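Here is the structure we will look at.
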Amino acid sequence: MRILVSNDDGIFSPGIKALGLAMRALGEVYVVAPDVEQSAVGHGITVRRPLRFKHTQSAGFGEIPAYRVDGTPADCVVLGVHLLGRPDLVVSGINIGVNLGLDLTHSGTVAAALEATSLGIPAIAFSLDTSGEELDFAEAARHAVRIARRVAEKGLPKGVLLNVNFPARPPKGVKVTRLSTHHFEDTVVERLDPEGKPYYWIAGTPVGEEEEGTDLWAVRQGYISVTPVSLDFTAREYLAEVEAWFKDL
């Protein structure tokens, strides 16, 4: 197998280092990741300026080819596929912090997997809960290899990726889940610069219902959450009703 590894925390993150090194158990690995943290950038693609693609020996991947890009996680996947050859699998992460529920709409970690899926490449996004006392990326990476091996064996349907979240402590097992209502309750903090002019921080508090069977519930209960996510956002059960609205237009 040829495996492309990316993330949104940046090429020097301990999460991507653990994931990249662990994936060597499955085949040939190469890394393409942002040069700086790109958390919460969503599925952005850079089209208004040129991008830099630089080999980065200092990232600590040893013999694994590693490249940094001054762009988004989705940019990294596009450049990795076009410049280094089409992989058999794309893995993204291991993110510092969970990506649950509505987090998926702005997560750069998930966006890298979304971009790969849109290109017809099987993809998995991995994230680790940071609520524990220590971040054990090595433990998470060992489980990531097991999950990636199963995806390689079974394949994924067209247009479907896996969003995987690891609990903060050693997992009890794996739960296949649906997305929760987990999201950030936004607040806007206003402050003044030295000239007395206002500027703003967008902040937020995580909220969501811990309903059984959801990704939030599984991680809180100490399980690895595996959620199949589709690129098709169509609300199919609502098509007929909306169609009826516009029959006379």
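The values are calculated or read from the model by the stated rules, or taken from the named source; none is laboratory data. Predicted model, so just to flag it, every value in this text is computed and none were measured. All Cβ positions, glycine included, derive from the backbone under ideal geometry; neighbour counts span all protein chains shown. When the accessible area is computed, the model is the full protein with side chains, heavy atoms only, and any ligands, DNA or RNA have been set aside. Shrake-Rupley method; radii C 1.70, N 1.55, O 1.52, S 1.80 Å.
Normalised per residue, the accessible area of the chain is 53 Å², obtained with a 1.4 Å probe and no contribution from ligands, DNA or RNA. Between the alpha-carbon centres of the range 185-249 and the range 69-145 there is a gap of 19 Å.
To the nearest whole percent, what portion of all C-alpha pairs in the chain is separated by more than 24 angstrom? When every Cα pair of the chain is considered, 47 percent fall beyond 24 Å. The peptide list 195-206, 73-84, put in order of mean Cβ contacts within 10 Å with the highest first, becomes 73-84, 195-206. When MET23, MET1 are compared by accessible area of protein heavy atoms, the largest-first order is MET1, MET23, using a 1.4 Å probe. Summing charges over neighbours of TYR199, with a neighbour being any other residue whose Cβ is under 12 Å away from its Cβ, gives -1 when K and R count +1 and D and E count -1.
For the range 200-249, state which GluC sites (Glu not before Pro) are in a DSSP loop and have at most 10 other beta carbons lying within 10 Å of their beta carbon. Before the final figure, lay out the partial values.
Working: sites: GLU209, GLU210, GLU211, GLU212, GLU237, GLU241, GLU243; in loops: GLU209, GLU210, GLU211, GLU212.
Passing sites in the range 200-249 are GLU212.
When the solvent-accessible area of the range 169-213 is split by element, carbon and sulfur atoms take up 55 percent of it, the probe being 1.4 Å.
Simple spin-label estimate for THR205 and ARG149 gives 4.4 nm between the two label positions (7 Å along the Cα-to-Cβ direction from each Cα). The alpha-carbon of LYS158 sits under 16 angstrom from the alpha-carbons of these aspartates and glutamates, leaving out residues fewer than 8 places away in its chain: ASP88, GLU115, ASP232.
Write down, largest first, the equivalent ellipsoid semi-axes of the range 101-151 in whole Å, where each equals the square root of 5 times an eigenvalue of the alpha-carbon gyration tensor. Could the numbers behind the result be given before it?
Values: eigenvalues 96, 55, 9 Å².
After diagonalising the Cα gyration tensor, the semi-axes are 22, 17, 7 Å.
Per the Kirkwood formula on distinct C-alpha pairs, the Rh of the range 2-71 is how many angstrom? One decimal place: 12.4 Å for the Kirkwood radius.
Count Lys and Arg as plus one, Asp and Glu as minus one, and take only other residues whose Cβ is under 13 Å from that of GLU28; the net charge is then +1.
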